[in-house]
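A short write-up of the structure that comes next.
The values are calculated or read from the model by the stated rules, or taken from the named source; none is laboratory data. Because the structure is predicted, anything quoted here is derived from the model rather than measured. Every residue, glycine among them, receives a Cβ derived from its backbone with ideal geometry; neighbour counts consider all protein chains shown. These accessible areas exclude ligands, DNA and RNA; they are computed on the full protein's heavy atoms, side chains included. Shrake-Rupley method; radii C 1.70, N 1.55, O 1.52, S 1.80 Å.
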Amino acid sequence: MKPLTKTALDWQNIYQNQAQKSKDLALQRFYRQGVQAASTPLSEVEFVALDLETTGLNAKKDDIISIGLVPFTLQRIYCREAQHWIVNPRKPLSEESVVIHGITHSEIDEAPDLRRLLTPLLDHLTGKIIVVHYQHIERSFLDEALKVRLGEGIKFPVVDTMAIESAVQRQQHGGWINRLMGKKPGSVRLGSSRERYGLPVYQPHHALSDAIATAELLQAQIAHHYTPETPLSALWV
C-alpha cells in the first residue's frame, strides 16, 4: 500500500511550537512530551484508539457526550487500561441522538463537564499515536470543545482506519474495468470494514466498544496490507 498522504506534516516541530504557544498547563504537558518519530516502525508504535459520541455531527453546533479510549500496539490491546467517560454536553441532547447512542438525559445530568476530564484525557493521549475511524469527528470535536473551554484548540496526528479502508477499497475495486464489470468499492463504515477481516460484531455507537473495535481493525489492516516495518509516516495524517 502507498502512503496515505504525499506530503507528511512535521508533527515534531508542530508540537514544539504548540508547547511554546499554549497557555493551558495540561496542553503544555501534552505537547512537551512530544510525538513519536515519523520513521518509527509500526511494530514499535504506541497507539491509543479514541472514539467520541456526540449530540450531532457539527462540531460548531454539537458537543461531546461520551469518550472511549484504549491503548494498544500491533501485538496487544490493553483493555485493563481502557477508559470510558460520559460527559455533560453544553449543547442540547436531541431525541435522535439518544436513539443512536443510548445515553439518556438523566445520565448526562449527573455527568461532569468535559473541562473536569481534560487532564486525565490528555494524560492518556500523551505520547501515543491516536487512532480513529473517521478523523473529522474526533479532531474537530476535541478541537472545538477545547476552544470553548480553554480558549485554545488542540492539534495532533491521527491514524484513520476509515481512510486506510477507503484506500484499500479504491485499490481493489476502483478503475474503469471494475466499473464495467459492475464492481465498486464497499462500505467503509466501522462494522462493514471489520466484517471484511472476519472480526466479531460489537455493539455500535458505544464509545468504548467502538474504540476497541477500531484498535482491532487497525491491527487487521496492517497485518493484511502493510508490514510491521512500515514507517509511521505511511499512515498518519
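Of all residues in region 76-92, at least one satisfies being among the aromatic types (Phe, Trp, Tyr) and farther than 30 Å from His224 by Cβ. Would you confirm, using the coordinates I've provided, whether Asp109 is modelled with pLDDT under 95 and over 18 Å from the mean Cα position of the chain (by Cα)? Spelling it out, Asp109 is indeed modelled with pLDDT under 95 and over 18 Å from the mean Cα position of the chain (by Cα).
Might you check whether a residue that is out of contact with any Cys (no Cβ under 9 Å at 6 or more places or on another chain), surrounded by 15 or more Cβ atoms within 10 Å (Cβ to Cβ) and on the phi > 0 side of the Ramachandran plot occurs anywhere in region 212-232? Scanning region 212-232, I find no residue that is out of contact with any Cys (no Cβ under 9 Å at 6 or more places or on another chain), surrounded by 15 or more Cβ atoms within 10 Å (Cβ to Cβ) and on the phi > 0 side of the Ramachandran plot, so the answer is no.
Report yes if some residue within region 142-159 is under 15 Å from Leu57 (Cβ atoms), in contact (Cβ under 8 Å) with a residue 24 or more places away in the chain and open to solvent by less than 20 Å² (accessible area, probe 1.4 Å); otherwise report no. Yes; the residues of region 142-159 include at least one that is under 15 Å from Leu57 (Cβ atoms), in contact (Cβ under 8 Å) with a residue 24 or more places away in the chain and open to solvent by less than 20 Å² (accessible area, probe 1.4 Å). Filter region 112-130 for residues that are open to solvent by 20 Å² or more (accessible area, probe 1.4 Å) and not in a helix (DSSP H, G or I); which is farthest from Gln12 (Cα to Cα)? Selected residue: Pro112.
Checked against (1) surrounded by fewer than 19 Cβ atoms within 10 Å (Cβ to Cβ); (2) closer than 21 Å to Ala213 by Cβ; (3) touching a residue at least 60 places away in the same chain (Cβ under 8 Å), Gln75 meets all criteria but (3).
The helices (runs of 4 or more DSSP H) falling completely within region 160-237 that include 2 or more residues that are polar (S, T, N, Q), at pLDDT 95 or above and in contact with a helix residue (DSSP H, G or I) (Cβ under 9 Å, 6 or more places away or on another chain) map to 190-196, 207-225.
Condition check ((1) on the phi < 0 side of the Ramachandran plot; (2) crowded, with 19+ Cβ neighbours inside 10 Å; (3) not β-branched (Val, Ile, Thr)) across all residues:
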{"residue": "Asn13", "(1), (2), (3)": "yes, no, yes"}
{"residue": "Lys21", "(1), (2), (3)": "yes, no, yes"}
{"residue": "Tyr31", "(1), (2), (3)": "yes, yes, yes"}
{"residue": "Val35", "(1), (2), (3)": "yes, yes, no"}
{"residue": "Ser39", "(1), (2), (3)": "yes, no, yes"}
{"residue": "Phe47", "(1), (2), (3)": "yes, yes, yes"}
{"residue": "Thr54", "(1), (2), (3)": "yes, yes, no"}
{"residue": "Asn58", "(1), (2), (3)": "yes, no, yes"}
{"residue": "Ile65", "(1), (2), (3)": "yes, yes, no"}
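When His84 is tested against (1) surrounded by fewer than 14 Cβ atoms within 10 Å (Cβ to Cβ); (2) closer than 25 Å to Leu217 by Cβ, exactly one condition is not met: (1). Is it fair to say Glu138 is within 21 Å of the chain's Cα centre (by Cα), modelled with pLDDT of 90 or more, closer than 30 Å to His224 by Cβ and open to solvent by 70 Å² or more (accessible area, probe 1.4 Å)? Criteria not met by Glu138.
Going by the conditions given, is Ile137 out of contact with any Lys or Arg (no Cβ under 8 Å at 6 or more places or on another chain) and over 30 Å from Pro185 (Cα atoms)? Against the criterion (out of contact with any Lys or Arg (no Cβ under 8 Å at 6 or more places or on another chain) and over 30 Å from Pro185 (Cα atoms)), Ile137 does not qualify.
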